[in-house]
Every structure is written in C-alpha cells, then in structure tokens.
Amino acid sequence: MSTSAQGIVDRLKSALGEGISVEQLKGYLELQVDPGRLVDAARRLKEAGFDHVKSVTAVDYPAKKQIKVIYHVSSMLDEELARYVVGLATYVDRDDPVVPSLAGVWLSAEFQEREVYEYFGVRFDGHPDLRPLLLTPDLAAQKILRKDFKVVEEDDYLKLTFEEYTSTKRWV
Amino acid sequence: MAEASGAVALPGMEVRQLERNLYEVYIGPAHPGSGHMRIIVRVEGDVMVEVDPDIGFVHRTMEKLSEGRDWMKNIPLFERMAILDACNVTLPYVEAVEKLLDVDPPERAKYLRTLLCEINRVASHLYGFGIFGVFLGHSTLYMWAFGDREIFVELAEKLTGARLTHSYPMFGGVRRDMPDDFGKHVRKATAYMRRRLDEYAKIFLNNPNIRSRLEGVGVIPKGRAVEMGLAGPNVRASGVKYDVRLAEPYEAYDRVDFEIPVYEEGDSLARAWQRVDEIRQSLSIMEQAVDWLEKHPREGFIHEKFWKTAPPIYKQVYAGAVPYAGKYRVKMIPLYASLRVPAGRSFARVESGRGEITYYVESDGKDTPYRVRVVSGSFRNVIAFKYAMPGHRLADLPAIYGSFDYFPPEWDR
C-alpha cells in the first residue's frame, strides 16, 4: 500500500488543503477534522470523487470523555478511488455530542446516521429525519453501544416466583 | 369494505385513512411476503407517495455483543446475520483481524475461502430468487430455486461439515481442507446449474407475465444508485461497474478469471437478470478454484503461527497417520482461545451475495474487540425502499421489494 497510496494521499491533500493530516491505517486512510469543518471537508471529498458513504461508525472513549464519529467513504464511479476507503473522523464531547449531519452531502449517510443516533445519542444537526431506526425508543434512550451500558446475560432459568408469574399473566 | 372509522383490516395489513383519498398502509412485520420488516406506505388512490421502511424486528445488537466475546467467538456470532451466506459474511471480520495480527493466510486457504464464498453466493442468489418468485405469485420458481439451492448447501456441507453455519474462515486460514472427491461434486453441480439457469429464463425471466410486472418497474438511474450508496447486484444492475472483487481484490480473486456483469436498465427485471449472470460467473470461479486446489499439493491451510500450537492429533490426522479420526474429539487450536490482538484499527470489505459487506474493527490489545462495526449490503439497500418506491402503484411494491433481494436478518444485524 506504500507506493500506490502516495498518489491517493496527494490527491486528498490537494482536495482538502495541505493542513490536513492523513493517517495510513490497515485497510483505510483516516482524516481527522474538527466538527466545525466536517461539512466543508465532506463537500470537498465529494467534489474529489468520493461519491458514497460505506459506513458511519461511532466509537466511545469514556476515559477521554469523547465520542469519535467516522464516515468511511469511497467511490463507485472512479476506478482509481474505488481501491481506497477514506475515514473522515471527528471527535465530539461525550456529554453533549452534536455533529453536523452529512446526509445533505451524501444521501447514503441518512440511515446510518439514524443508527449512530440511537446507539450513542449523537445528534446530527440538520438531519432530515432523525429518529431511531432499529431500536425501540425506550431502548434507544439508554444509548446501548456506549461503554457504560453493560450487557447482563440472562439466566438459563426463569427467576420468578409463582406469585410473580401469576400476577403478570395476561389471560384469565 | 371501509367502515365508518376509516379503518380496514386485511390479513397482515393495517390501513388507516389520513384524509380523503390518502391512506396509510402498514405492511408487515408478520406478512407472508415481507418477513420481519414493516413498510409504512402512504397511498393516494393506489399510488405510493411516501414509503418508510421500518426495520429492526430481528435486531440482535451484534455490535454490542461482539464487545463481550473473544475474538474467535465472534465468528459464529456474525455468521448469524446471513446463515446462507456465512462465509462471505464472516470473511471481512477475519480479514480485518488478520490485518491487525499481521498474518497472511497460506495460498491454499485463500483458494478454499474463494471456493466457499462462491458456493455461498450461488446459494444466496437462489434463495433470493425463490423469495422473489413468492412475491410475484410464481410458486414454481420458489420450488425450483430452493430445490437447486440445496445442491450448493450440500456442497458447502461436504467442504465444511455444516450446511449453513460453517464458521469456515478462521484467523490465518480455514477450518479444514476439502475432501478428495470434492472436485467431482463441484463440476457436477456447476454443469447442472448452468442447464437449470436456461430453464429459469424460460419459465421466469422470459415469461410474459413476469416481464410485464418487472420491466420498467422500480427504475433506479445510475446517478441515483450511487447517491443512495446501494450495494452489490442492485447497483450493478443500474450500470455501475463496481465490485469489491474488482476494486480491491481479496483472497484469490486477483488470480481467477471472471467478469463483472453490468446492466444499464436499472429496473426490477435487470436486477433479476443480474443475479442470473452472477451465478454463471460464480460457477466459473468455483471450477477454477477447484482446478487450482486439485493441481497443487496439499500444503498447510492455516498460518504456521497457529498451526504450530495445534495438538498432535491434528497433525497426525492431517498427515494421514490416523485411519479414522472420527473417534477423537478434536478441540480448537489453543492459541485461538487465548488470542490477544494488537491494538489498532482496521477496515475490510468483501463482496457478499447481497452486496458489499464492511467491517471496521478496533482493538485495544485485549482478548475482546473494543469496537466492531458491521455494515451489510442489505442494510445499504434499505434506503432504496424510501427513495425508489414512491410514484409506483401499491401492486408494484412486491415486485420492487423482491428485486432488491432483501434479507432482514442481515440488515438488522
């Protein structure tokens, strides 16, 4: 990936300006921007040929009190760019996570942003339809993919007394 | 049929009148065709004006569950997304972890993975075909496709030992080598399937009834398909030549000879033909992979790093020193149980039967992943329900819906 990736790094730098740092990771390239610059960076990436979002990911870092939102984007129409995946990453405050929505730039981000919203409570500013996608509203309120939500495994047996059981049954 | 309240009850459907001539129709989640998803459709007359796919009825929070399991135990977990496409679904996870471990599987393992991926792809397309037939009321195709799928499921069983959840790819290799007579079975299956595909065309794709329901229905233009970020056969049927096997070849795909079929029309019929052509290509790849595997000596199929920790019985069986291995209880290679993956982030993608499937894996050096993000091809195609359906009649919904080769357990994860 070393020699061939230099071309894409140059292309990214010319699209986004010299000040941007491109990190080469295993299987993708990561760009980091501030939340304020996210929409601008996304627009420039789209103009450079990155036409769709593959995945919108968030990662919770409780120790740093931050949540990282990554948009993995690539291209379908440009054969050269299709060989690479670029992760556009931004860090937001964990207590009040707000990110400008990129659904206006890439339509393909719309449903995945809804998913990040329900799992992490990250609000996407300017999203056309921000509501839970997979989860029920009360489960989404618990922000279950954050690290402080612990999964408690169910016991193999029902932990119920007979009185509890009869009081909850729905039939007469 | 409408009552005074404006509510109509149909089996599997719920209809509510919003205003004069505007109705909200709830299709699913327990509908004979829809299967684990609900579509909330607003119809004006019988023309859909707004479609809201309401998914998540078989959601299992796999991303959260994976954070509490060993690296190895996540393979059977992720497999449950699409059990009929199990190798394709778990392969990018294995690849992403291999990237973090800096392990490159041996050549033989790469060909074995390619072989199983293609067997899975054919089985997955046939499954999709069967469901598509049900949607259009063509129960013959359903019977045929499910019957023929059984051949490929049994091929997978011969190769891996399990019909569906084979957990075949492991870090650094595959679970076992192929049986000696496997090539014979593969060639028999491919010859049979090629003949059957012609019959499928006769009874289904060129059938005037089916064509009139599919042609020009649910057209997604090329630009729109890219904008929505559709994946897999659906985007290729709209004229986009994009396939991970071509863009970023993995396993043995850079050494086998195949074409990427592309259709320009972008309608439901093109999506159906797309799958037929892909099955043809898959059959050819299967034969090439089997040829290679038969011609080359049976060298290792797991990376040396893991193989050297294997119990002696493994090596004895592999060397042919044990006449009947069935009496032994063979345990997993111990290094997998205590595996710690170096800290880092990696991304891997694979072209599965229903489109590109991507994994983002982050490790902090412990024995469980820090974060795993899965996006499956089906999930990326859900957005098409919202944007491709409005403007069509309600009767076209099953035709468009079936042509996407939907699979709820895969997109719900």
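Observations
- Farthest positive-ward along chain B dipole, Cα basis, beta-carbon charges - from B:Gly239, B:Tyr93, B:Tyr318: B:Tyr318
- Debye-sum result for segment B:14-157 in log10 I(q)/I(0), which assumes one identical scatterer on each alpha carbon, at q = 0.12, 0.13 Å⁻¹: -0.73, -0.81
- Residue-averaged beta-carbon neighbours from other chains (10 angstrom radius) around B:222-234: 4
- Amide H contacts under 5 Å for A:Ala58, placed H, 5+ residues apart: A:Ile70
- Annotation: segment A:2-147 has a Kirkwood hydrodynamic radius of 15.6 angstrom, from the mean reciprocal C-alpha pair distance.
- Footprinting exposure proxy for A:Trp106, B:Trp411 (fewest neighbouring C-beta atoms within 10 Å first): A:Trp106, B:Trp411
- Ordered by the number of other Cβ atoms lying within 10 Å of each residue's own Cβ, fewest first, B:Met72, B:Met62 fall into the sequence B:Met62, B:Met72.
- Estimated FRET transfer efficiency (B:Arg255, B:Asp181; beta-carbon r; R0 22 Å; 0.05): 0.35
- Violating pairs (Cα-Cα greater than 20 angstrom) within the set A:Lys26/B:Lys64; A:Lys54/A:Lys143; A:Lys65/A:Lys147; A:Lys64/B:Lys366; A:Lys54/A:Lys147: A:Lys26/B:Lys64; A:Lys54/A:Lys143; A:Lys54/A:Lys147
- Computed 3J(HN,Hα) for segment B:37-46, one whole-Hz value per residue from the Karplus formula 6.51 cos²θ - 1.76 cosθ + 1.60 where θ = phi - 60°, is 8, 10, 10, 9, 10, 9, 10, 10, x, 10, glycine and proline marked x.
- Here chain B is described by how far its Cα atoms reach on the three principal axes: 78, 48, 41 Å, from widest to narrowest.
- Over chain B: helical MRE at 222 nm, DSSP H runs n ≥ 4 each giving -39500 (n - 2.57), nearest 500: -13500 deg cm²/dmol
- Simple Cβ-charge dipole of the protein assembly as shown, Lys/Arg +1 and Asp/Glu -1, about Cα centre, in debye nearest 20: 1300
- Descending by average beta-carbon neighbour count within 10 Å, the peptides B:394-400, A:77-83 line up as B:394-400, A:77-83, the highest first.
- Degrees, to the nearest 10: B:86-101 long Cα axis against longest axis of chain B: 50
- Pairs exceeding 31 Å between alpha-carbon atoms, taken from A:Lys68/B:Lys305; A:Lys68/B:Lys308; A:Lys68/B:Lys110; B:Lys295/B:Lys315; A:Lys68/B:Lys73: A:Lys68/B:Lys305; A:Lys68/B:Lys308; A:Lys68/B:Lys110.
- Dividing the convex hull volume of the alpha carbon atoms of segment B:203-313 by its residue count gives 169 Å³ per residue.
- By DSSP, the beta bridges lying fully in segment A:2-147 are antiparallel in about 75 percent of cases.
- For segment B:127-275, the dipole from Cβ point charges (+1 on Lys and Arg, -1 on Asp and Glu) about the Cα centre works out to 280 debye, to the nearest 20.
- Between amide H atoms placed 1.01 Å from N, distances below 5 Å from B:Gly300 occur with no residue 5 or more places distant or on a separate chain.
- Karplus (6.51, -1.76, 1.60) ³J(HN,Hα), θ = phi - 60°, over segment B:179-192, in Hz, Gly and Pro reported as x: x, 4, 8, 5, x, 4, 5, 4, 5, 5, 5, 5, 4, 5
- Taking the inverse of the mean reciprocal distance over all distinct Cα pairs, the Kirkwood hydrodynamic radius of the protein assembly as shown comes to 25.2 Å.
- Counting 0.36 nm for each residue step from A:Lys65 to A:Val22 and taking away their Cα separation leaves a gain of 13.1 nm.
- Computed over neighbours whose Cβ is under 12 Å from that of B:Val153, the net charge equals -2, Lys and Arg +1, Asp and Glu -1.
- Taking other C-beta atoms within 10 Å as the exposure proxy, A:Asp51, A:Asp96, B:Asp177, B:Asp104 rank A:Asp96, B:Asp104, B:Asp177, A:Asp51 from fewest upward.
- Packing, taken as the mean count of other beta carbons within 10 Å per residue, orders the peptides B:260-267, B:347-354 from highest to lowest as B:347-354, B:260-267.
- Qualifying aspartates and glutamates (Cα of each under 12 Å from Cα of B:Lys241; at least 8 residues distant if same chain): A:Asp78, A:Glu79, B:Glu259, B:Glu264
- A simple rule links phi to the HN-Hα coupling: the Karplus curve 6.51 cos²θ - 1.76 cosθ + 1.60 with θ = phi - 60°, which for segment A:98-103 gives 10, 10, x, 6, 9, 5 Hz, with x for Gly and Pro.
Each value in this text was obtained by applying a stated rule to the coordinates, not by laboratory testing. The model shown is predicted, which means the values in this text are computed figures rather than measured ones. Cβ: placed from backbone, ideal geometry, glycine included. Neighbour counts: every protein chain shown.
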